[in-house]
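Data block below; observations after.
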Amino acid sequence: MEPSEGTTDVVHPEVRAHINSLASALGGFSADDDGRYVLGDSALEVLRDIKKWIRFYDEKTNRMDVARCLADANIVSGDLLHILATWPENETDNKFRARAALACFEIMVPLTWPLERDRDQMTVNHHRHLPVLQLAQLGYKRAIINFDAAQILHTAVRIALPSMALSRSDRSGRDEGIIKLVLLFLRNVAMISPPPGVQYDGDESQISRSALIDAFSYQDILLTILTIASNMGEDFNQEGVIIMEIIFHLVKRVDVTKLFMDEKQLGKAKSNELTAMMNKEAAMHRPYNRKAPSRHNRWGTMIWVDRGDGKVSTVTGQDALLDAATRQHKMDNSKVYRPPRRPRKEDMEPKDLGPPVSLNTRAREQLKGFVEEFLDSSFNPLFQHVRKKLDEQKDYIFEYHSRQFFYLVSWFLEAERVRKKIAKDKAKNQKSTSDEDVGSFNLVAGVLNQQTFITLNRAIGDSLESKRWPELCAAMRCFTQILLTVQEMSESGNEEDEEIAENILSRIFYEDETHDRIANIARDYKDQGFEYLDACTDLTHTYLRVLEAYSKQNVDMQVRSRRRVRKKKKAANTAGEDEENPVEGDESENDQANAERVSRERKFDFNRFVNRFTPQGVVDTFVKFTKYYKDLDDTQLKRAHRYFYRIAFKQNMSVMLFRVDIIQLFYSMIKGQEPLDKGCTMYKEWEELVKQILKKCIRKVEERPQLIIEMLFSKINATAHYLEYGYEKQTLSTSQSKPAAELEFRHLVGRDQQIAIAVGVLLDKNLGDHVTWLKGQLSAAETERRAWEAAEKAMPSVEAPPVEGGEKSNENGGEKEGAEESGNASEQQNTESPPPKEPPAISIRMDNDARRTAMFKNSHLRLLMKLVGIERLVPDIDETPESAWIIPPHQTPDQLKESIDLINKAEFNPPTFEDGKLAEDQLRRKTAPRKKAVFDDDEDGIINDDDDDDILFPAGGPTARKVADGNLDKPKKTRRRRRKGSEAPELNEDELEEKERARREREKAKAKRFKSELYVHASDDESDEEEGGKWAEFYANEERIRKRQQQNAVRHGAGGVVTSAAKVEGGEAGKVLVKERVLVGSGSENDDDLVLGGGSDDDSDDDGDGVVKGRGRKRGVGDDNDEDDAMDDTPVSSPRAGEASAKRRRLSKEPSVAVEEGDVDMEDADDDDVPSSKAPPRRRRAGFVVDSSDDEE
């Protein structure tokens, strides 16, 4: 519908007319009945129609026209609340009033649903309606919590009480839907708050947090929350997330310290705050009043300022006469050129926190009692349950739930610590020992286990990688409070708590990845907002303080770091070697050395770790935090002071603070125009710190004048070390440099062509001296090898003189009798002679260091050396620049001569290639095998490449599973975080944006599905309990469906066979054997009845002619036992069978989640006055549907 031309209404007139007619038909105030509200004749139908308008017009078409019309008609405060008031406490059994109340809440829940500004999907209607609807929701909240005629919130709980009273196993889907609807209504009421930028005309005290807490307490909502939360996991499941949301909107931005103060302490704290604010205001006015104009000098003034080189600037105003600094400041402000400003970024502050909350005395006492009761009874059950749901990533878990979870955990941990501190102070003041164990931390032990730490670390890593700063901020707050709580446990004096704290800290600090992540968070801050900056610096300060204390107590503290370990390659076996009995070296003597090496690598050194917080990035983070010194409290100022003191004096890296802007900031804090308040408790410490830093800076400038230039720039660690100590940092590299990459040929060519290409590359790079040197080495080797061969040939003649007769006889082949004895002696000598000797290896001599470096780093020279047969002396160990190279013994002089000739040929006749390509284009880098990252304590870091598991257990053995079987109960895939140091490629900006966009789309789809499941369908099922025609109409409808199925089977020729009839309650019901696709695809408007209806309890076998035994019976909602059978018997070619099976499976597994497709049919059934689709047990004896044997062929 589009509005007609010439109209000024933002909503189509027909839509408004329909809504107004429904609102008028709902009911009104009767003058005859003392002005009380009277329902209309068709009030329930009208409420159902309004719900349909909201659902099928606003939500399906992404419009807000119906909500706007309902707001203009004032239907909530004018009709719905008065309808709820007509259901008194003493008429709980009134079904009509209960159904009317439930229908009212089904309308109020979508009307009070949080409004979000999604710029990607906002239309003109959203821009028109959002401001109006936001103000309308404030009116809804004011009317609901301040309604005098009835307790609306209490009425909502009354609706859900019958469903809550049932055990979890006995609840139906309707009961679960009612409980969820009521809790979401309470969540919406607690969540509504004045949006920023929208002015509320009414009294804000009526919708404030104090009014909300008072209403929740007076109407027993807080008790309901405690009851559900304490029984979470036993009697309630999905409701835990909604309960967490309600609590979040009750306690967010509430000061925990003030919450547990008594009246006297609170009054003193407020007076101190007022005094501090007045002093701050006076300090702000003081520099201005010092130079403020009086009534005698308000005349216009224009002066010229000489800038040197004959240039002058014009400055107006008498304040330019005060001093040179003021004139320079006015000149800077009057410059025409302005540096380009970056576009304003989206606000990084948490949008759902809002401003700090101030509670009145009554609300503070009520919330304090609720918090104490929650900590005593409900903290562990609720947060353990929610943490499991977050890990499982259920469909009703959204992105903001993890943020709320971490925020609430941190808030309640801080509340528990404050409560214990106040209890201890009272015990000390009263000088009496209380029987209550105030030092026990069992009440919050549910979030101090290993599972919570895993969830927290994963959330920090994922949010840091995907740049979800609000979630990371909440996770950092949670981590900080966990550290503070564990530290108090270690100092509690309770031996059991101290032992538990020791184990927790050892687990937290054992992973070196956690240490790196904390340092990276502090170093990589950039414009994420003050809330993120405060959380980041707080975590860094607390982590360093707790870790330092722990490392001092545990001198032998160990950490586990991920490092890459590569197994040593085995030597290649030569041909003919015996491999049956290899000789292995005994490494038992090195066990102690290896153990010491591993322990030394894993030993934690706090002084070395704290150096990760000295880089300029971390310093800049704390400098940006300190720039807010006028707005920081004493705790935050102390945090920054301790960091700068650690940098300057504990780590002796004060040069990191010697930068112009940092020095100017420190000076402004003490001697500037707007310094720190001298009444501040941290003023003296900051004054002394700044004085000492400036002294060190002046002495360092006198010692090293080059620091004057370096003060303009940030400093890397090497520069800072040189400026601090006067010499460069001497480091011994434990890792050896790697040789040049190995090259290979792109195409298969002969050896002569390979040598020609290698020589051509060297000549193209003007490295002909390498070729000349290599030829000289080969020539010398050839000469030496020929001389050795000649010497070996001459050696037998010198050592054993030959017998003339025998030699002649052997050479000529004659058989002289006189030489027979000498011939036998010669044969015996040849038999006993040793095998021929191998020539010795010839060493390659490098003429200078440049040649040695080239042999290690020049890949082209190494390729040529490999082609001519030069090898390393010991190829088993890692190569270094000092490694020895040899010409192996198997290289003959002729081969060396051939290599020299090929090099000379390539030198005088270089090869040419097509398309003008060079010789270098014929080479490419050889792909190196991927290395696996392992823990250094896993089997000594050795990766065994010779595992025989694949051979011992080949695929397809006797226990091989079918592919189809693996998909029946396939677990949900969990996204694994890529660990640091892995080989996975880094994502670029475009890929990260695409990943973020896909994540937002998934969140929107989940939110849409979650909201569509709010409605309690068939809410008037109980309306006809007293009427006797309910089941008769249901049976008649079933009979019509059965007849229509038989007609379709005959018409389509599906091979239906009518078997022997069986009497069912006096009637003949035939069993028709048809394909299931005919049943599902019959086009009936009551398809859901076929899914939800009851079938036969037992599988029947028919032995008639042409009838195949089948199990394709209809299944009910709770029939889970035969789910696999139904899936197996469903034909593969059925177009709707998979969909129907999925629908049945979804209904059976999640009875509390309403199916959207079934909702529409259920609404149609309501309009036609068709009873519920839940069949009685007697009806389950009806006929069933099996597959036809004709279609299986």
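When restricted to residues that are assigned to a helix (DSSP H, G or I) and either basic (Lys, Arg) or in contact with a Pro (Cβ under 8 Å, 6 or more places away or on another chain) (or both), the stretch 629-655 contains 5. As for the stretch 715-728, it holds at least one residue that is open to solvent by 70 Å² or more (accessible area, probe 1.4 Å), at pLDDT below 90 and of a type in the set (D, E, K, R). Filtered by the rule that a residue be in a helix (DSSP H, G or I) and open to solvent by 70 Å² or more (accessible area, probe 1.4 Å), the stretch 686-713 gives GLU688, LYS691, LYS695, ILE698, ARG699, GLU702, GLU703, ILE708, ILE709. Of all residues in the stretch 647-676, those satisfying the criterion of being crowded, with 16+ Cβ neighbours inside 10 Å, more than 21 Å from ALA720 (Cβ to Cβ) and not hydrophobic (A, V, I, L, M, F, W, C) are SER668, PRO675.
Quick grid of which residues meet (1) under 19 Å from the mean Cα position of the chain (by Cα); (2) at pLDDT below 85; (3) polar (S, T, N, Q); (4) closer than 30 Å to LEU353 by Cα:
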site	(1), (2), (3), (4)
ALA535	yes, no, no, yes
THR540	no, no, yes, yes
ASP556	no, yes, no, no
ARG560	no, yes, no, no
VAL565	no, yes, no, no
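Selection of the stretch 898-926 for residues being open to solvent by less than 100 Å² (accessible area, probe 1.4 Å) and either among the small types (Gly, Ala, Ser) or within 49 Å of the chain's Cα centre (by Cα) (or both) yields SER899, ALA906, GLY916, ALA919, GLU920, ASP921, GLN922, LEU923, LYS926. Scanning the stretch 491-530 for residues that are polar (S, T, N, Q), open to solvent by less than 30 Å² (accessible area, probe 1.4 Å) and part of a helix (DSSP H, G or I) yields a count of 1. The residue list TYR543, TYR510 contains one member that is more than 17 Å from THR626 (Cβ to Cβ) and in contact with a Leu (Cβ under 7 Å, 6 or more places away or on another chain), which is TYR543.
Could you check, for the stretch 749-769, whether at least one of its residues is assigned to a loop (DSSP other than H, G, I, E, B), over 21 Å from LEU867 (Cα atoms) and either touching a helix residue (DSSP H, G or I) at 6+ places or on another chain (Cβ under 6 Å) or among the β-branched types (Val, Ile, Thr) (or both)?
No, that holds for no residue.
Taking helices (runs of 4 or more DSSP H) as the structural unit, those lying wholly within the stretch 366-478 and holding at least 1 residues that are within 27 Å of MET261 (Cβ to Cβ) and open to solvent by less than 40 Å² (accessible area, probe 1.4 Å) correspond to 379-392, 399-430. Put simply, of THR927, THR912, THR880 the only residue that is farther than 17 Å from ARG751 by Cβ, in contact (Cβ under 8 Å) with a residue 12 or more places away in the chain and out of contact with any Lys or Arg (no Cβ under 7 Å at 6 or more places or on another chain) is THR880.
Could you check the stretch 902-923 and list, in sequence order, the residues that are part of a helix (DSSP H, G or I) and closer than 18 Å to LYS866 by Cβ? Passing the criteria: LEU902, ILE903, ALA906, ALA919, GLU920, GLN922. Specify the residue that is nearest to ARG209 (Cα to Cα); the eligible residues are those in the stretch 114-152 that are in contact (Cβ under 8 Å) with a residue 12 or more places away in the chain, open to solvent by 60 Å² or more (accessible area, probe 1.4 Å) and not in a loop (DSSP other than H, G, I, E, B). That would be ARG142. Can we say PHE644 is in contact with a Ser or Thr (Cβ under 9 Å, 6 or more places away or on another chain) and surrounded by 16 or more Cβ atoms within 10 Å (Cβ to Cβ)? Criteria met by PHE644. If the condition is being surrounded by 17 or more Cβ atoms within 10 Å (Cβ to Cβ) and charged (D, E, K, R), then the stretch 531-552 contributes GLU531, ASP534, ASP538. Selection of the stretch 156-194 for residues being among the β-branched types (Val, Ile, Thr) and either under 32 Å from the mean Cα position of the chain (by Cα) or not in a helix (DSSP H, G or I) (or both) yields ILE179, VAL182, VAL189, ILE192. Close contacts from the stretch 48-74, counting a first residue that is touching a residue at least 12 places away in the same chain (Cβ under 8 Å) and more than 24 Å from ASP118 (Cβ to Cβ) and a second that is open to solvent by less than 50 Å² (accessible area, probe 1.4 Å) and polar (S, T, N, Q), with Cβ to Cβ under 9 Å and a gap of 6+ residues or different chains, come to ARG48/SER1019.
If I filter the stretch 53-81 down to residues being over 15 Å from ARG16 (Cα atoms) and charged (D, E, K, R), which single residue comes out as modelled with the highest pLDDT? In this case the residue turns out to be ASP79. Close contacts from the stretch 515-531, counting a first residue that is hydroxyl-bearing (Ser, Thr, Tyr) and at pLDDT below 90 and a second that is buried (at least 16 other Cβ atoms within 10 Å of the Cβ) and not in a helix (DSSP H, G or I), with Cβ to Cβ under 7 Å and a gap of 6+ residues or different chains, come to none at all.
The values are calculated or read from the model by the stated rules, or taken from the named source; none is laboratory data. Worth saying up front: this structure is predicted, and the values here are computed from it rather than measured. Cβ coordinates were reconstructed from backbone atoms using ideal geometry, including for glycine residues, and neighbour counts include every protein chain displayed. Each accessible area value is taken on the protein alone, full model and side chains, heavy atoms only, with ligands, DNA and RNA left out. Shrake-Rupley method; radii C 1.70, N 1.55, O 1.52, S 1.80 Å.
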